[in-house]
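**Student:** Questions regarding the structure given below will be posed in turn.
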Amino acid sequence: MSGPSGGAAGAPLGNDAISAFTAGQDHRHDLAREFRERQDQAFREKYAARRKLAKITTLPRVARCGRVSINTGGEVSLHHTPGTGGEPGTAGFGGLVTCGSVWDCPVCSAKISAKRAKELQHLINWNAERGGSVALLSLTMSHHKAHSLREVRRALTRAWRHLTKARAWQELKQLLGMDYVRGIDSTRTDANGWHLHIHALLIFPADVSPRVPELVATIYKLWTAGLAKSGFTASFEHGVDVRVGTGALEKMAKYISKLAFETVGGRWKQGKNGSRTPFEILADALETGDERDIALWQEWEQGSKGMQQLVWSNGLKAKCKLEEIDDETIAEENAGGELAAVLPARTWRKVYPEAEDLLLATRHGGVPAAHAWLDARGLDFEFETDTTERAVQLDDPPERQPFGWLKAALAAEDPEQRRARRRWFTTHRFAEQRFTEQRSGQDPSPDSRSRIAEVGGVAPDTSTGRQAKQGG
């Protein structure tokens with residue numbers, strides 16, 4: 001083995017090497033911290049945008065999204081899942097109305113788009129593993145400023161239906177074993193108005209490169225014939241574009257990242273050459289209050305009703321073993337994990353204007369940080385589960401098998417029955433607290449008095465020894 005001055009592998013690292021290694025680690029940590037800070041800022045922006053949107057939206061469900069409790073008592077739950085490997089955890093609210101709108105809600109759109117991007121990536125990986133190939137089909141049309149959004153959408157929908165129902169398309173589909181995922185993208189310019197275009201990821205079980213010229217010619221003929229039914233046209237140069245192999249994957253990667261970019265504020269304030277996406281129009285409308293931008297946004301809300309972001313060909317999800325899940329179900333999913341707190345209605349009304357800050361505190365600091373955040377503002381909350389709830393959540397060890405019947409019964413219980421039981425428990429617990437205070441000659445505490453009133457509870461009537469309805 002070489003001595004201290006030698007270059008053997010076992011020789012200690014010099015100060016320069018150690019410093020370089022440490023500097024590299026610090027740089028990576030800085031990048032990770034900056035990324036998380038950008039995520040947090042984008043998260044705040046989307047929640048703030050949804051609150052402001054509630055004042056100008058034409059859609060009642062969007063106006064209630066993330067604001068109105070679905071529980072009779074108005075309570076909202078806070079959940080937390082710890083992170084791993086030094087990463088922050090996740091946090092979310094339960095018991096709130098969600099609109100599930102991928103086109104109109106900044107918060108729901110981010111959740112849905114992130115999920116859809118993962119599905120597309122799974123599809124591409126599955127197809128590669130079976131030795132398949134892909135092509136990216138882009139379809140556009142000629143239009144001008146006088147065309148309304150509804151007119152453009154109607155023409156696009158009609159032309160796509162004509163294309164996919166045509167015998168020539170069906171024959172190609174069967175001959176090549178072709179499946180597809182169709183997406184719609186939208187922008188608007190002051191010069192040309194609304195621009196809707198289609199991106200369709202075409203999936204093949206084998207190499208399709210030799211058939212591309214035939215594919216382009218057939219699609220162009222069908223596409224222009226479909227557009228003509230609504231009085232629109234498309235040039236051969238710009239109307240149809242098909243890319244295969246690396247080119248398709250690169251363009252599709254950009255499309256996937258555009259969907260996923262919603263999770264870090266991707267569509268906010270990124271207009272190019274005067275072109276704006278609908279969410280960029282919304283961001284400008286909320287920032288400036290410009291009546292023209294507000295009108296454009298409201299036109300988008302009405303014109304995009306019922307439009308699906310992605311449509312998969314029949315049976316494709318089953319082939320690649322993906323579960324069918326609709327947008328609203330994705331939007332309704334909370335962060336899961338442990339229950340961090342239950343916020344009564346009066347607390348939620350105070351939390352709502354800064355709800356994203358509570359979520360971020362919980363995400364980074366866990367349940368203790370959530371409680372500290374609420375305590376610092378003097379906000380009341382509940383943090384306990386009764387034995388029946390524990391019986392549902394826990395796997396009973398052998399010595400606790402007597403709880404097995406209870407767990408099975410509660411697992412089949414209707415959620416509304418469970419909420420009603422909890423409201424009854426809360427009502428009577430604070431009724432008993434007030435009864436004790438009155439018996440001891442104390443004035444009823446504001447806490448017990450307000451809780452009983454809030455849930456429409458029953459307070460003991462000490463003059464008669466019976467229960468009397470509050471306010472009656």
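The values are calculated or read from the model by the stated rules, or taken from the named source; none is laboratory data. Quick caveat: nothing in here was measured; it's all calculated off a predicted structure. Don't worry about glycine lacking a Cβ; one is built from the backbone with ideal geometry, like all the others, and counts go over all protein chains shown. Just so you know, the surface numbers come from the protein's heavy atoms only, side chains and all, with ligands and any DNA or RNA stripped out. Shrake-Rupley method; radii C 1.70, N 1.55, O 1.52, S 1.80 Å.
**Student:** Label-point separation (nm) for Arg292 and Leu175, each offset 7 Å from Cα along Cα-to-Cβ?
**Tutor:** Label at Arg292, label at Leu175, 5.0 nm between them.
**Student:** Here's a follow-up. So who's got an amide H within less than 5 Å of the one on Tyr180, skipping anything under 5 residues away but keeping other chains? H placed 1.01 Å off N, in plane.
**Tutor:** Those qualifying (amide H under 5 Å, at least 5 residues apart or on another chain) are Ile203, Ser313.
**Student:** Do you know the relative contact order of the range 22-159, to the nearest whole percent, from alpha carbon pairs under 8 angstrom that are 6+ apart?
**Tutor:** Relative contact order comes out at 16 percent.
**Student:** Going from most exposed to least, what order do Val76, Val68 have by accessible area with a 1.4 Å probe?
**Tutor:** Val68, Val76
**Student:** Counting Lys and Arg as +1 and Asp and Glu as -1, each charge on the Cβ, what is the dipole of the range 269-322 about the Cα centre in debye, to the nearest 20?
**Tutor:** Dipole magnitude for the range 269-322 comes out near 700 debye.
**Student:** Using only Cα atoms, what is the ratio of the radius of gyration of the range 134-254 to 2.2 N^0.38 Å?
**Tutor:** For the range 134-254, the normalised Cα radius of gyration is 1.05.
**Student:** Output the peptides 342-350, 319-327 sorted from most to least packed, where packing is the average of other Cβ atoms within 10 Å over each peptide's residues.
**Tutor:** Numbers: 342-350: 19.2, 319-327: 13.6.
By packing density, highest mean first, the sequence is 342-350, 319-327.
**Student:** Still on this structure, please answer the following. Among the listed pairs Lys254/Lys319; Lys145/Lys251; Lys46/Lys115; Lys46/Lys305; Lys118/Lys319; Lys173/Lys321, give every one whose C-alpha distance is greater than 23 Å. Working shown, then result.
**Tutor:** Numbers: Lys254/Lys319 25 Å; Lys145/Lys251 28 Å; Lys46/Lys115 17 Å; Lys46/Lys305 21 Å; Lys118/Lys319 16 Å; Lys173/Lys321 21 Å.
From Lys254/Lys319; Lys145/Lys251; Lys46/Lys115; Lys46/Lys305; Lys118/Lys319; Lys173/Lys321, over 23 Å: Lys254/Lys319; Lys145/Lys251.
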